[in-house]
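Okay, structure first, notes after.
Here, each number is a calculation from the coordinates, and none is a lab measurement. Remember, predicted model here, so these are calculated numbers, not experimental data. Cβ: placed from backbone, ideal geometry, glycine included. Neighbour counts: every protein chain shown.
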Amino acid sequence: MLRAFLLLLLAASLPAGASDPPRPSPLRNGSEFQSGDVRSLQADDFANPMALWVERGRRLWSEVRNGRSCAACHGDAVRAMKGVAARYPRFDPSLGRVVDLDQRIDACEQAMTGTAFASESDDLLGLSAYIALQSRGMPLKVSIDGPARKTWEAGRDLYYTRIGQLNLACTSCHDASWGKTLLAETISQGHPTGWPAYRLEWQRPGSLERRLRACFNGVRAEMPAYGSPDLVALELYLAWRAQGLPMESPAVRR
Amino acid sequence: MSMLGRLSVPPSVKRGEPFAVRVIVQHPMETGFRRDYEGKVIPLHIVDRLVCRYGGRDVFRATLGSGIAANPYLVFYVVATESGPLEVEWEDDKGEVGKVSADVNVG
């Protein structure tokens with residue numbers, strides 16, 4: 001009897017696929033909600049302004065800082081970083097928590113050179129754009145098993161929690177209303193495949209965390225700090241929700 | 001790292017025919033009209049001069065103003081006269097300069 005009860009308890013606590021929250025159907029990538037102009041700017045590898053930051057990242061990759069360089073350990077980024085960005089955020093055993101790509105890059109920089117990158121700095125965005133470029137077109141696939149599970153659950157809960165003076169949850173727009181119009185914008189499905197992206201509104205590139213903070217601000221909620229557990233959990237949940245979509249980074253968004 | 005720029009010319013061009021020169025410059029192009037979160041004016045900071053040299057002379061000059069978006073992207077046409085370097089140089093209002101060059105092959 002007790003054993004049967006324990007088995008039942010175990011079954012209830014297992015990550016059952018059937019109880020996963022629904023994902024938009026069909027999945028539509030971020031650029032599909034952009035205007036033709038923005039899409040063609042993104043597709044043009046010369047005119048896409050992210051190319052400037054990719055170039056910065058390419059130079060930083062082999063630049064020697066504190067006697068070390070990314071290339072010295074990792075080798076050629078085109079080979080070594082292929083598909084890496086499509087697997088983030090992920091649980092990092094050495095840090096003991098789930099991190100996104102920017103945080104992983106910064107942790108590496110701190111360990112190797114002793115200095116940190118500032119959030120949203122040209123250098124950090126350059127490196128993450130350069131690394132993300134090596135995964136362009138590859139399907140997003142993150143792991144939510146093992147130690148990442150708790151973070152995924154926290155992200156899921158935040159995704160469905162109404163917040164802010166407008167009392168909206170992420171799901172209110174990005175599941176219930178995608179494809180509809182909000183002012184001059186078409187509401188997207190909220191997939192993170194294009195980040196870091198050049199956002200025309202900002203006139204510069206930004207990370208997914210900056211974009212998420214803008215959504216918090218938009219519903220008049222308190223914005224979480226860069227790198228806060230809330231943002232990382234949401235990033236992991238969004239990546240899981242978008243799994244299978246091809247990476248578009250470095251993208252252009254309105 | 002200094003101001004980055006990128007320059008693109010076709011791999012080969014015909015003598016006497018025009019070809020597209022594409023240039024993009026990394027710059028915030030701060031208009032001087034915006035304010036930060038404390039209400040202080042963010043000072044004007046723009047690239048104001050850009051010049052293209054080819055075949056020993058200036059073939060294109062531009063004066064940019066505060067109405068130009070960040071990371072200006074310019075496309076213009078130059079008539080192919082001879083093989084050789086094509087240089088684009090720019091300067092912002094703080095005197096910082098940047099330069100990119102590419103080789104033109106007249107076939």
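Here are the numbers:
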quantity	calculated
Hydrodynamic radius (Kirkwood) for the protein assembly as shown, which is based on Cα pairs only, to one decimal in Å	22.8 Å
For segment A:51-133: rounded, prolate or oblate by the Cα gyration tensor [a/c cutoff 1.5]	rounded
Inter-chain shielding of A:35-46 (mean C-beta neighbours from other protein chains, 10 Å cut-off)	1
Centre separation in Å (Cα based) which lies between segment B:30-45 and segment A:14-92	32 Å
Cα-based convex hull, segment A:102-254, per residue volume (Å³, whole number)	119 Å³
Radius, Kirkwood style, for segment A:202-254 when every pair of distinct Cα atoms is counted (Å)	12.3 Å
Extension reserve of the B:Val51-B:Asp103 stretch, reckoned as 0.36 nm per residue once the Cα distance is removed	17.1 nm
Fluctuation leader among A:Gly137, A:Gly146, A:Gly36 - chain A, Gaussian network, Cα springs under 10 angstrom	A:Gly146
Under 25 Å from B:Lys40, Cα to Cα: lysines that are on another chain or at least 8 residues apart	B:Lys94
Sorted by Cβ density within 10 Å, fewest first, the residues A:Thr181, A:Thr193	A:Thr181, A:Thr193
Alpha carbon centroid spacing (whole Å) that separates segment A:132-187 from segment B:48-87	43 Å
GNM flexibility winner over chain B from B:Glu91, B:Glu38, B:Glu30 (Cα, springs under 10 Å)	B:Glu38
Taking A:His191, A:His74 and counting other C-beta atoms within 10 Å, the order from fewest to most	A:His74, A:His191
A:Ala225 paired with B:Leu44, simple spin-label distance in nm, labels 7 Å along Cα-to-beta-carbon	3.9 nm
For segment A:35-52, 3J(HN,Hα) per residue [Karplus equation, 6.51 cos²θ - 1.76 cosθ + 1.60, θ = phi - 60°, Hz, x = Gly/Pro]	6, x, 4, 5, 5, 6, 5, 5, 6, 8, 5, 8, 6, 4, x, 4, 4, 5
Residue order, fewest to most beta carbons within 10 Å, for A:Tyr198, B:Tyr77	B:Tyr77, A:Tyr198
Spin-label model distance (nm) - A:Gln165 vs B:Glu91, 7 Å beyond Cα toward Cβ	4.8 nm
Anchor A:Lys150: lysines whose Cα lies under 18 Å away (excluding residues fewer than 8 positions away in-chain)	A:Lys141
Amide H within-cut-off set for A:Arg199, under 5 Å, with H built and near neighbours excluded	A:Arg204, A:Gly206, A:Arg253
Aspartates and glutamates whose Cα lies under 19 Å from that of B:Lys99, excluding same-chain neighbours fewer than 8 positions away	A:Glu55, B:Asp48, B:Asp58, B:Glu87, B:Glu89, B:Glu91
Projected label distance in nm at A:Leu27 and B:Ala69, using a 7 Å step from Cα toward the beta-carbon	2.9 nm
For segment A:128-139, 3J(HN,Hα) per residue [Karplus equation, 6.51 cos²θ - 1.76 cosθ + 1.60, θ = phi - 60°, Hz, x = Gly/Pro]	5, 5, 5, 5, 5, 4, 5, 10, 4, x, 8, x
Alpha carbon convex hull of segment B:5-104, projected area averaged over orientations, nm²	6.5 nm²
Beta bridges per DSSP with both ends in the protein assembly as shown, % antiparallel, nearest 5	90 percent
Among A:Ile163, A:Ile144, A:Ile131: highest mean-square fluctuation, GNM of chain A, C-alpha pairs under 10 Å	A:Ile163
